[in-house]
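The values are calculated or read from the model by the stated rules, or taken from the named source; none is laboratory data. Note that the structure is predicted; figures quoted are calculated from it, not measured. Reconstructed Cβ throughout: ideal geometry from the backbone, glycine too, with neighbour counts over all protein chains shown. Surface accessibility is based on the protein's heavy atoms, side chains included, excluding ligands, DNA and RNA. Shrake-Rupley method; radii C 1.70, N 1.55, O 1.52, S 1.80 Å.
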Amino acid sequence: MDVTFDGAPALPSWLEAAMPFERRMAHVEGQRIHFVDHGSGPAVLLLHGNPTWSYVWRKVIARLEGHVRVIAPDLLGFGLSDKPLRVREHSLDRHVRLMGKLVDALELPDITLVGQDWGGPVAAGVGARSRTRVHGLVFANTAVLRPKRPFRTKAFHRLARVPLASDVLFRLGNFPIPFLDYVQGDRSTIGTQEKRAYRWPFERVRDRAGPLALARMVPNAETHPSTPTIDEVGAWVEGFMGPSALVWGTRDPILGRALTRHIELLPDAKVYESNAGHFLQEEVPDLVTGAIRGVLDAPSASAKSAVNS
């Protein structure tokens, strides 16, 4: 396994106060991947989406402290991880591969996968391809199922494909960070301090390819590069036999309505529903934490099989 580890760089004091967790840096395929590696016990992988980083999980990590070992990476292009300059250097397949190599290099006996937004399909991709045994799944306001045909995309994702205008908006305007509060049920949950923290990794314009790339990563045709991977991920999730949970904010204008289809195709998942918005970790961290603990406490697929045999 060609993954090595060393210490993580220091955070500014105002961020260190919000994230007083043990952190490390992994070197995977020539890229530096920053991640929180905090606590001991059953391992939980927390994967963020667009345009956040491991900071988004800080409230959940604090509530899990003393019970689990939290692994919370920054996806390539986000947080303290390396930031490839070109949009084409970001793909769903690459994110899955890098996160899978990181998880396998940690040599964990098993892991529970938790993902929000793009963190959902990336986490499920780790489960589909990793050699690390998966105990359970927790998905929060994400899309981990095979896309419906014909493909449909939201206005946000269509906007990201408009030539020139999207580059100006995402790179010069640091979009969508100034407007993160607009997708919350309670807009006060992402205020000035939180926006400052989400802007911080993208202080340089050259480092802002990641959010634009993830917005364009949503498949809109059979020929889209994400389509084979998202189909693979969806098939694996639908066939997963272990404990699972769906944590959803129905006031999310992007993915709020996606809960119905996830319930239909994941009928055994325990559902935690709220009137929160998109970034549940900021708005209802207790609900997210409760879902994770519920999955951790549930018997694994192998344990259930042993009981039934």
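So which residues in segment 154-168 are within 23 Å of the chain's Cα centre (by Cα) and surrounded by fewer than 18 Cβ atoms within 10 Å (Cβ to Cβ), if there are any at all?
K154, A155, F156, H157, R158, L159, R161
For every residue, the table says whether it meets (1) in contact with a strand residue (DSSP E or B) (Cβ under 7 Å, 6 or more places away or on another chain); (2) under 19 Å from V122 (Cα atoms).
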{"residue": "A197", "(1), (2)": "no, no"}
{"residue": "V205", "(1), (2)": "no, no"}
{"residue": "T227", "(1), (2)": "no, yes"}
{"residue": "S244", "(1), (2)": "yes, yes"}
{"residue": "A298", "(1), (2)": "yes, no"}
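Contact list please: Cβ distance under 7 Å, first residue in segment 89-107 and surrounded by fewer than 19 Cβ atoms within 10 Å (Cβ to Cβ), second residue in a helix (DSSP H, G or I), pairs at least six apart or on different chains.
Between residues of segment 89-107 that are surrounded by fewer than 19 Cβ atoms within 10 Å (Cβ to Cβ) and residues that are in a helix (DSSP H, G or I), the close pairs are D93/T229.
Going through segment 5-32 one residue at a time, which ones are part of a strand (DSSP E or B) and loosely packed, with under 11 Cβ neighbours inside 10 Å? Steps first, answer last, please.
Here is the first cut: in segment 5-32, the residues part of a strand (DSSP E or B) are 5-7, 23-28, 31-32.
Listed by number, the residues that qualify are D6, G7.
Pull out all pairs, ordered by first then second residue, where Cβ-Cβ is under 6 Å, the residues are six or more apart or on different chains, the first lies in segment 162-180 and is β-branched (V, I, T), and the second is modelled with pLDDT of 95 or more and part of a helix (DSSP H, G or I).
Note: pairs meeting the criteria are I177/Y198; I177/R199.
So which of G210, G185, G234 is in a helix (DSSP H, G or I), closer than 29 Å to E264 by Cβ and either open to solvent by 20 Å² or more (accessible area, probe 1.4 Å) or of a type outside the set (S, T, Y) (or both)?
Criteria check complete, one pass: G234.
Based on what the data block shows, is R149 in a loop (DSSP other than H, G, I, E, B), out of contact with any helix residue (DSSP H, G or I) (no Cβ under 9 Å at 6 or more places or on another chain), surrounded by fewer than 17 Cβ atoms within 10 Å (Cβ to Cβ) and among the charged types (D, E, K, R)?
yes
Among the residues of segment 35-59, write down those that are buried (at least 23 other Cβ atoms within 10 Å of the Cβ) and without any contact (Cβ under 8 Å) to a residue 60 or more places away in the chain.
Within segment 35-59, V36, S54 qualify.
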